[in-house]
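Note sheet for the following structure.
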Amino acid sequence: MKRSIMIALMLVLALALPAFADEASEEDIELMQIDWSDAAEQAFTEAGFSGTWYTLEGVGCQLIIPDGYEEQALTEEDRADEYAFLFANAENGGSISVFDSYIEGCPDLATLGASLAEQHPERTLQYAQINGAAAIINGVEEADTANVIFDLGDSRFVQIMFSPMSTQDQLLTLCIASIQFPVSD
């Protein structure tokens, strides 16, 4: 299932967006380019989706939150678990969770990617450049999620988790493509 979630995620991105492989670094990491474009916006609309651009204050990015997804009040326990935002759709069970974390001993995205690959070899990791911001996309089969992780510097990472990918993959994939750092006007 994990592989099918990641394959669906990559296929939707490849079909809906101008995506191409590029060299990420001297280490020959394959980097997927994802850009929010007129074609992506058109794919979002033509698929019957609608949503609102939402600024994640304090995190420094914006993305489209689909209609039907409501911002949830965070508890102290949620904040202790590093939640910054949580959106949920009661009708389809979907959620978009945003975590703002400091990871001690992890100075950058490459180090985090290597650590994830070592700790979770069953996961598929894809390095990406989403609207100019470096990211790692990874699928977690047991949680039916796709995670997008951004490096904000100084061991600070923002993780945006989209679920469930098995039933909402096209909608949530287009939301992933809408993520923009820094917030544009």
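The values are calculated or read from the model by the stated rules, or taken from the named source; none is laboratory data. Small disclaimer: the values here were computed from a predicted structure and weren't measured. Note: areas computed on protein heavy atoms with side chains; ligands, DNA, RNA excluded. Shrake-Rupley method; radii C 1.70, N 1.55, O 1.52, S 1.80 Å.
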- Query: When the Cα atoms of the range 85-185 are enclosed in a convex hull and the volume is divided per residue, what value in Å³ results?
  - Reply: 110
- Task: Might you tell me the accessible area per residue for the range 108-185, computed with a 1.4 Å probe and given in Å²?
- Result: 38
- Item | Accessible surface of the range 88-185, 1.4 Å probe, proportion on carbon and sulfur as whole % | 48
- Query: Taking only the alpha-carbon positions of the range 105-156 and ignoring solvent, what does the Debye formula give for the base-10 log of I(q)/I(0) at q = 0.13 Å⁻¹?
  - Reply: -0.30
- Task: Could you pull the accessible area for F99 with a 1.4 Å probe, rounded to 10 Å²?
- Result: 30
- Descending semi-axes in whole angstrom, ellipsoid equivalent of the range 19-139, from the Cα gyration tensor: 26, 22, 13
- Item | I65 accessible area, 1.4 Å probe, all protein chains in place, Å² to nearest 10 | 10
- Message: Starting from 0.36 nm per residue, how many nanometres of slack lie between S115 and E77 once their C-alpha separation is accounted for?
- Response: 11.1 nm
